[in-house]
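The values are calculated or read from the model by the stated rules, or taken from the named source; none is laboratory data. Being a predicted model, the structure only gives us computed values, none of them experimental. Here Cβ is always computed from backbone atoms with ideal geometry, including for glycine, and neighbour counts include all displayed protein chains. Just the protein is used for accessible areas: all its heavy atoms, side chains included, with ligands, DNA and RNA removed. Shrake-Rupley method; radii C 1.70, N 1.55, O 1.52, S 1.80 Å.
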Amino acid sequence: ATPPLEALRYMLSSAMTRTKRPTRTRRKLRFLDASRAHFHSPALRNIFINLPAEDSEEGMCGRLNKMLYGTRDASMAWEMFFTKILVQDMGFTQGLFSPCLFYHAERQIELWVHGDDFTPLAEVESLNWFETELAKGIKIKNRGTLGPDEGDLKEIICLNRIIRWTADEETGKEAIEYEADPRHAEIMISQLGLEGARTKALAVTGHKDTAAEAHLGMVAPKLPPADARVFRSVCMRGNYLAADRPDIQFSAKECARHMSDPTTYAMGKLKKLGRYLKHRPRYVCRYIMQDFTNQVIGECDSDHAGCLRTRKSTNGLNLFHGRHWLRGAASTQSVIALSSGESEFYGIVKGTSCLLGLKSIVADLGKVCEATLFTDATAGKGIAQRRGAGKVRHLDTQFLWVQQKLGDRKLQLKKVKGTDNTADLQTKYLSAKDVERIMAALGFVATAGSSAAALKANV
């Protein structure tokens, strides 16, 4: 298993959120790697291998006592091995939502495990205890501690994301910066042939099709095989980058809808995204120190029948811990909604599902939070808060579980002004002014410079 990316962002947010009771020292993040991880775990079954030339003997083979890289169950055996150490030997509680999240109640340690990477958040004394105890059973390498004190790291690479401990220029408060790998934007621009001064940058990721353009898109010729391979490669790189860039999530999602059968029309959309990345190659998300909060918040929206080719609607979503952004998403609805109220209700269903998942992630890391979902749709909110389908009789009953969750007070559903709903960013193409306004509201700041300069100290 691998942990959700928003769990890592939550830990950054947790580090920049004051605790309910003041701690003796600052909580910091420590980054530990297990060396030769799979060689630690005992073999789960009889696995026989050919012996190397220097140890070979005719008619003999080897039986593994420890797992070997490349065997099918090596990863599973490693997970079982380190879980036993953390839970049985060290006293951690394993997460129910994600088995890669752990919490130590006595020492107040939040732990995120990704493969052979261990990232605990705690006070320095607890971090030292964790490293010492873990080293008794696993050979580990300390990559450093991210924190504000002298001797602490101020920048580190985690999953090819850049994480910095800094201060906000306007408020002077401590802050953590989180940035996607900037090399992806450069590679996309290069693969699409958009380098050089001749190609103008765009301040928007695209524009909504007219009826004529939508018709031309349906009859556009297919790309040659070589160009189709480039399209798929760039498109998936854009989707990967979009996980950390809410400004391109809608555009990347629209391009990905053409993956199975790329056309010249789809390539045109992808090149507009590439030209936007020339304009905004790098965005940094800032987690500025905030007061204690036990709120996880979601903002959802939908664009009814926004696709003129299929008449399908789009869901948009942003999740927060207090004021800190944790996740954004754009997705095409699988059913064709017959009204804007119905499409907004499906957006609420998606938002509820993801918000309850975030609430479970936070619980796995030792904190009980209240969940509130915001929508700007009165009709969708009305469907979600009633019991049963009511007059909207064509609704599939599989979506009505949201009514039960609201009735059980698992979360609250509240109204927000359309102009204040940040999820609008993931439902349609917006003007440059609106994109910058919403990105600022999400805590993102545009930055300049090349990826080589950003990653030089960490390669």
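Just a few scattered comments:
- The residues in the range 32-76 that are farther than 28 Å from residue 122 by Cβ, of a type in the set (Gly, Ala, Ser) and assigned to a helix (DSSP H, G or I) can be counted, and the count is 2.
Yes/no matrix, rows are residues, columns are (1) among the basic types (Lys, Arg); (2) touching a residue at least 60 places away in the same chain (Cβ under 8 Å):
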site	(1), (2)
139	yes, yes
148	no, yes
152	no, yes
158	no, yes
167	no, no
178	no, yes
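- In the range 130-168, the residues that are over 29 Å from residue 41 (Cβ atoms) and either out of contact with any helix residue (DSSP H, G or I) (no Cβ under 9 Å at 6 or more places or on another chain) or open to solvent by 40 Å² or more (accessible area, probe 1.4 Å) (or both): 148, 149, 150, 151, 152, 153, 154, 155, 164, 166, 167, 168
- Cross-chain or 6+ apart pairs with Cβ under 8 Å, the range 218-243 first and aromatic (Phe, Trp, Tyr), then crowded, with 16+ Cβ neighbours inside 10 Å: 231/223; 231/258; 231/262; 231/266; 231/267; 231/270; 240/184
- Only a single criterion out of (1) open to solvent by 50 Å² or more (accessible area, probe 1.4 Å); (2) touching a strand residue (DSSP E or B) at 6+ places or on another chain (Cβ under 6 Å) is not satisfied by residue 182, namely (1).
- Restricting attention to the range 321-342 and to residues that are among the small types (Gly, Ala, Ser) and at pLDDT below 95, the residue that is farthest from residue 387 (Cα to Cα) turns out to be 334.
- Residues in the range 24-50 that are open to solvent by less than 60 Å² (accessible area, probe 1.4 Å) and in contact with a strand residue (DSSP E or B) (Cβ under 9 Å, 6 or more places away or on another chain): 15 in all.
- Hits in the range 65-102 - residues which are more than 21 Å from residue 7 (Cα to Cα) and touching a Pro at 6+ places or on another chain (Cβ under 9 Å): 65, 66, 67, 77, 81
- Here the range 220-255 is the region considered, the condition is being hydrophobic (A, V, I, L, M, F, W, C) and open to solvent by 30 Å² or more (accessible area, probe 1.4 Å), and the residue that is nearest to the chain's Cα centre (by Cα) is 243.
- When each of 201, 211 is tested for being among the small types (Gly, Ala, Ser) and more than 22 Å from residue 261 (Cβ to Cβ), the lone residue that passes is 201.
- Note on the range 369-384: residues that are more than 15 Å from residue 346 (Cβ to Cβ) and assigned to a helix (DSSP H, G or I) total 1.
- Hits in the range 90-107 (condition: over 14 Å from residue 119 (Cα atoms), out of contact with any helix residue (DSSP H, G or I) (no Cβ under 6 Å at 6 or more places or on another chain) and not in a loop (DSSP other than H, G, I, E, B)): 93
- Hey, residue 29 out of contact with any helix residue (DSSP H, G or I) (no Cβ under 9 Å at 6 or more places or on another chain) and not basic (Lys, Arg) or not: no
- Count of the range 330-343 residues which are open to solvent by less than 20 Å² (accessible area, probe 1.4 Å) and aliphatic (A, V, I, L, M): 1
- Near pairs, Cβ below 8 angstrom, 6+ apart or cross-chain, from the range 62-91 (over 13 Å from residue 36 (Cβ atoms)) to any residue that is among the charged types (D, E, K, R) and open to solvent by less than 80 Å² (accessible area, probe 1.4 Å): 89/133; 90/133
- Scanning the range 105-118 for residues that are surrounded by fewer than 21 Cβ atoms within 10 Å (Cβ to Cβ) and within 18 Å of residue 80 (Cα to Cα) yields 114, 115, 116, 117.
- Qualifying residue in the range 426-434 (condition: loosely packed, with under 12 Cβ neighbours inside 10 Å, modelled with pLDDT under 95 and assigned to a helix (DSSP H, G or I)): no
- Checking 202, 194 one by one, the residue that is closer than 26 Å to residue 443 by Cα, in contact (Cβ under 8 Å) with a residue 24 or more places away in the chain and assigned to a loop (DSSP other than H, G, I, E, B) is 202 and no other.
- Restricting the range 362-416 to residues that are open to solvent by less than 60 Å² (accessible area, probe 1.4 Å) and among the β-branched types (Val, Ile, Thr), the residue that is nearest to residue 111 (Cα to Cα): 362
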